[in-house]
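The values are calculated or read from the model by the stated rules, or taken from the named source; none is laboratory data. For clarity, every value in this text was computed on a predicted model and none was experimentally measured. As a convention, Cβ positions derive from the backbone with ideal geometry for all residues, glycine included, and neighbour counts pool all protein chains shown. Just the protein is used for accessible areas: all its heavy atoms, side chains included, with ligands, DNA and RNA removed. Shrake-Rupley method; radii C 1.70, N 1.55, O 1.52, S 1.80 Å.
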Amino acid sequence: MLEDSAEDLYENAPCGYLSTLLDGRIAKINTTLLGWLGYSGAELVGKRAFGDLLTVGGRLYHETHVAPLLRMRGEVSGIALELVAADGARLPVLATSVLKSGADGAPLLIRTTLFDASSRRAYEAELLRARRAAERERERLQRLNAILQRTLLPSALEPVPGLDVAAHYHIASLDQVGGDFYDLFPLADARWGFFLGDVCGKGALAATLTSRVRYALRAAAVYDPDPGSVLTKLNRVLLDSHQPGDPRFCTVLYGGLVLRDGRAEVTLAAGGHPPALLLRASGAAEYLRTPGGQLVGLLPDAEVGTARVTLHPGDTLLLYTDGLIEARTGTGLFGEEALLEFAAARAPVGATALVADLVGVLESLGAGVTDDTALLALHVPGKPVDG
């Protein structure tokens, strides 16, 4: 009974068994494998080689890679091959071969076990289809995000007579819409308004808040151009329009600009935003601090910090979002100190050149920039006036 059971186990095993001579001729093959291929034992044993059962590509791969490796190691496992059945159908299999040697160590024959990989091949094909579908969907969402992102930013900065102005938006990830924003626009009496900020969160809800903030800032500036008043009104708008579960606050710098006698007089109001950076024509660089400014849209009586500065010929004012100073380098965060040193090494510099240099920094940091970054720079051209 044990002998009969062993024979039955060999013949009707859930896998194919094949023994071949060293020249590849089939010496023994089990019933399972014969059933898969549609042959009888008389058609194959002693008459056909294992390579004859493979596709052309499989035969070449077996002869040039598998067989030499088997002779070298004595065993190979998990080799993906395709068998060709009597009716021409292809059967994907995973093959494991072992070289059997005699008592003197001389190789005698090769034993091969074959597992039907049809289900696995179908599963892998389905995974590949699903992955490609997911990639196509991701690309579609990225295109939609890019379109939505563009609607939240001005297509181009309004030209300001007598100023060099430049801006840039660096997208950290195409998978989500960022909440950074900036704008520059004319007001009455040759005045200009400008702002830059960052709403909390990302995605569609953050985009909705960004749109609301930009509209509210422009509308408030027309009603009362005083920067402190503009942010106070924005704070009230965000509090009144907030819905549970939605992002509710932002950080922002809003500035009022008046050009007079070749200079730019700037009043800057801040609500919880990193300080603007002032680059002087003399080559000095310093932060324009606006102490006391709190997040906009979080508290009913949020304080607004203000500062005033005059930009003389050769001076540049830079506004930026925290994606720049929170970018990761090899030793930590880029930080305010590194930004100040970077600016001081380039001052005096125009707005266009400064923004281009900072874009280079962002690109050099690569994946270290984990948050979107907005840049806005204003520069008064000309040589500084002595005294």
Select from ALA133, TYR123, TYR182 the residue farthest towards the positive end of the dipole of segment 37-193; place +1 on Cβ of Lys and Arg, -1 on Cβ of Asp and Glu, and compute about the Cα centre. TYR123
For the chain, report the % of Cα-Cα distances exceeding 38 Å. 47 percent
Hull-based mean projected area of segment 303-347, where the convex hull spans the alpha carbons, in square nanometres: 4.6 nm²
Show me the ranking of peptides 133-143, 76-86 by mean Cβ neighbours inside 10 Å, starting with the highest. 76-86, 133-143
Under unit Cβ charges (Lys, Arg +1; Asp, Glu -1), what dipole magnitude, rounded to 20 debye, does segment 187-295 have relative to its Cα centre? 160 debye
In sequence order, what are the phi-derived ³J(HN,Hα) couplings for segment 109-120 according to the Karplus relation 6.51 cos²θ - 1.76 cosθ + 1.60 with θ = phi - 60°, rounded to whole Hz, with x for glycine and proline? 7, 10, 9, 10, 10, 10, 10, 5, 10, 4, 5, 5
How big is the gap, in Å, between the Cα center of segment 102-164 and the Cα center of segment 316-378? 32 Å
Taking the Cβ of SER155 as the center, what net charge do the other residues with Cβ under 14 Å away carry, scoring Lys and Arg +1 and Asp and Glu -1? 0
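Hey, can you rank 373-383, 324-334, 302-312, 96-106 by average C-beta count inside 10 Å, highest first?
Ranking the peptides 373-383, 324-334, 302-312, 96-106 by packing returns 373-383, 302-312, 324-334, 96-106.
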Aspartates and glutamates whose Cα lies under 13 Å from that of LYS100, excluding same-chain neighbours fewer than 8 positions away: GLU75
With bins 5 Å wide starting at 0, give me the P(r) of segment 129-213 over every alpha carbon pair, in whole percents. 3, 13, 20, 19, 15, 11, 8, 5, 3, 2, 1, 0, 0
Percent relative contact order for segment 20-66, counting Cα pairs under 8 Å at least six residues apart, stands at 38 percent
Derived scalar couplings ³J(HN,Hα) [segment 152-160; Karplus, 6.51 cos²θ - 1.76 cosθ + 1.60; whole Hz; x for Gly, Pro]: 8, 10, x, 5, 7, 6, 5, x, 10
Dipole magnitude of the chain about its Cα centre, charges +1 at Lys/Arg Cβ and -1 at Asp/Glu Cβ only, in debye to the nearest 20? 620 debye
Measure of compaction for segment 293-387 (Cα Rg per 2.2 N^0.38 Å): 1.28
I'd like to know which of PRO381, SER364, LEU298 lies farthest towards the positive end of the charge dipole of segment 248-387, counting +1 on Cβ of Lys and Arg and -1 on Cβ of Asp and Glu. PRO381
Could you list which residues have their amide H under 5 Å from that of ALA166, counting only those 5 or more apart in sequence or on another chain, with H placed in the peptide plane? ALA377
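Accessible area per residue of segment 255-313 at 1.4 Å probe, in Å²?
I get 42 Å² per residue for segment 255-313.
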The correct pair for segment 269-329, radius of gyration to one decimal and Dmax as a whole number, both in Å and from Cα atoms, is 13.6, 42
Accessible area per residue, Å², segment 113-231 with all protein chains present, probe 1.4 Å: 55 Å²
Give the residue from GLY58, VAL76, TYR17 lying farthest towards the positive end of the charge dipole for the chain; charges sit on Cβ (+1 for Lys and Arg, -1 for Asp and Glu) and the dipole is referred to the Cα centre. GLY58
Would you please give the FRET efficiency between LEU128 and ALA188, computed as 1/(1 + (r/R0)^6) with r the Cβ-Cβ distance and R0 = 56 Å, to the nearest 0.05? 0.35
For THR329, what residues show an amide H to amide H distance below 5 Å, using hydrogens built from the backbone and excluding near sequence neighbours? PHE334
In Å, descending, principal axis extents of the Cα set of segment 1-160: 94, 32, 31
Dipole size in debye (nearest 20) for segment 1-116 around its Cα centre, Lys and Arg Cβ +1, Asp and Glu Cβ -1? 480 debye
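Please report, as a whole percent, how much of the solvent-accessible surface of the chain comes from carbon and sulfur atoms (probe radius 1.4 Å).
Numbers: 10690 of 19700 Å².
Ligands and nucleic acids excluded, carbon and sulfur give 54 percent.
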Distribution output for segment 199-287: share of Cα-Cα pairs per 10 Å bin in percent, first bin at 0, values 15, 41, 28, 13, 3, 0
What spacing in nm lies between the two simple spin-label points modelled at SER119 and VAL222, each 7 Å away from Cα in the Cβ direction? 6.8 nm
For THR310, what charge total do you get from the other residues with a beta carbon under 12 Å from its beta carbon, if Lys and Arg give +1 and Asp and Glu give -1? +1
Given 314-320, 209-215, 362-368, the highest-first ranking by average Cβ count within 10 Å works out to 314-320, 209-215, 362-368
Alpha carbon centre of segment 210-285 versus segment 44-87: separation in Å? 73 Å
